[in-house]
1. If only one of Pro348, Pro312 is within 24 Å of the chain's Cα centre (by Cα) and buried (at least 21 other Cβ atoms within 10 Å of the Cβ), which one is it?
2. Give region 148-180 a look and list any residue that's in contact with a helix residue (DSSP H, G or I) (Cβ under 7 Å, 6 or more places away or on another chain), open to solvent by 10 Å² or more (accessible area, probe 1.4 Å) and outside any loop (DSSP other than H, G, I, E, B), or say none.
3. Within region 203-217, is even one residue away from the ligand (no atom under 16 Å from the Cβ), assigned to a loop (DSSP other than H, G, I, E, B), open to solvent by less than 20 Å² (accessible area, probe 1.4 Å) and not hydroxyl-bearing (Ser, Thr, Tyr)?
4. Can you list residue pairs whose Cβ atoms sit under 8 Å apart, with the first residue in region 326-347 being in contact (Cβ under 8 Å) with a residue 12 or more places away in the chain and the second being among the charged types (D, E, K, R) and open to solvent by less than 10 Å² (accessible area, probe 1.4 Å)? Count only pairs 6 or more apart in sequence or on different chains.
5. Any idea which residue in region 257-285 is surrounded by the most Cβ atoms within 10 Å (Cβ to Cβ), counting only those that are over 20 Å from the mean Cα position of the chain (by Cα) and of a type in the set (Ser, Thr, Tyr)?
6. For residues in region 181-202 being open to solvent by 30 Å² or more (accessible area, probe 1.4 Å) and part of a loop (DSSP other than H, G, I, E, B), which is farthest from the ligand (Cβ to nearest atom)?
7. Report yes if some residue within region 153-164 is under 14 Å from the mean Cα position of the chain (by Cα), hydroxyl-bearing (Ser, Thr, Tyr) and either under 27 Å from Ala74 (Cβ atoms) or within 10 Å of the ligand (Cβ to nearest atom) (or both); otherwise report no.
8. For region 310-351, what are the residues that are part of a helix (DSSP H, G or I) and of a type in the set (Val, Ile, Thr)?
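The values are calculated or read from the model by the stated rules, or taken from the named source; none is laboratory data. In this text the structure is predicted, and so the values were computed from the model without any measurement. Neighbour counts run over all protein chains shown; Cβ positions are idealised from the backbone, glycine included. Each accessible area value is taken on the protein alone, full model and side chains, heavy atoms only, with ligands, DNA and RNA left out. Shrake-Rupley method; radii C 1.70, N 1.55, O 1.52, S 1.80 Å.
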Amino acid sequence: MSVPFLDLTAQHVEIGRHLATELRRVFEAATFIGGPDVQAFEAEYAEMVGTRHCVGVANGTDGLELALRAVGVAPGGEVILPVNTFIATAEAVSRIGAVPIFVDVDPRHLLIDPQAVKRALTYNTEAIVPVHLFGQVAPVEAIREVINGSGVPIVEDSAQAQGAASPAGMAGALGTVSSTSFYPGKNLGAAGDAGAVTTDGADIARTVRVLAAHGSERKYVHERVGFNSRLDAVQAVVLRAKLRRLHDWNACRRAAAGIYGELLRDLHGVSLPEPAEGNTDVWHLYVIRVPRRDEVLGHLSAAGIGVGVHYPTPLHLTPAYASLGGHPGDFPVAEAAAAEILSLPMFPHITVDQQSRVADALRLAIR
Ligand SMILES: Cc1ncc(COP(=O)(O)O)c(C=O)c1O
């Protein structure tokens, strides 16, 4: 019997009735762009993250671009980011005409390495983007220490970490500003594309809001050339319903991670993910490392187990970034990881039985 990589249907059963009523209300009011649901979601999300402001946007990539622009990133500026992230992190930089400066990651958690950030810092650095990858919190405090008073803004990419926290606070509230994605498969997912920017900075929030609405705060008064990147009411209604369950669903993911830990701990040669001391991870992905990864992946797929690789090619070796002149060997930690990482099925409603089937199939695959 197969196990899907991600199954959102149980989430939708939980919220289905409530959602039907709420969606009917939106259609009856026919306020599809902006309006009370968007405002209410923004307030509720800001409260959950612990920031003063939240601005809903059309997707996480736009959110990052708008956040970077709002802190002053301009064409030709340098933005430091980890080399193992989804391409959107770098795209947001490139779309401004700024230059992504890739850095390597730590071997244990595959999160941006603060010492590598320190080495990459120049007078042209206009922002640093730690990515809270796989539901872990990136070392924002350590980055702040190494950049020590340089004033370079920290723009968090929180797309994979809604609800994650370190002792310093929630992902999304640790830097100068943060962008998150509500792509349907995220821990907090919309019914389509959506995203949000969170910050304590009133000016940053205002800039993002104005840029996202054709450069205007008041209708037909355009203070600058902007974009069209708004969160719509239908998505806000879905997100409000799911936000109420986010902490419970994240707790289910943590329990599932614990069960994988039990089921897989004796598997020779397989290394399991370990949360950093003191942090609350939200297990967006459960990423193990295995030798002969592609072979193992083939066996698991043949056995009906949904698996993924996040991500198979570090960005300096991706054709889209060939023009930056990256070579194999430039980022040894991320490159070694890219050959071994394997993401197992992980979602709040995964059952112990499904996880046992994954473990049995993995045991056969690595023999
Ligand atoms: C780390 C990371 N950054 C940025 C994004 C971009 O978000 P979106 O797909 O909403 O544009 C994603 C998700 O897709 C992501 O995983």
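1. So the residue among Pro348, Pro312 that is within 24 Å of the chain's Cα centre (by Cα) and buried (at least 21 other Cβ atoms within 10 Å of the Cβ) is Pro348.
2. Those that are in contact with a helix residue (DSSP H, G or I) (Cβ under 7 Å, 6 or more places away or on another chain), open to solvent by 10 Å² or more (accessible area, probe 1.4 Å) and outside any loop (DSSP other than H, G, I, E, B): Asp157, Met170.
3. yes
4. These pairs meet every condition: Met346/Arg253; Phe347/Arg253.
5. The qualifying residue surrounded by the most Cβ atoms within 10 Å (Cβ to Cβ) is Tyr260.
6. Going through the qualifying residues, I end up with Asp200.
7. For region 153-164, residues under 14 Å from the mean Cα position of the chain (by Cα), hydroxyl-bearing (Ser, Thr, Tyr) and either under 27 Å from Ala74 (Cβ atoms) or within 10 Å of the ligand (Cβ to nearest atom) (or both): present.
8. Val333
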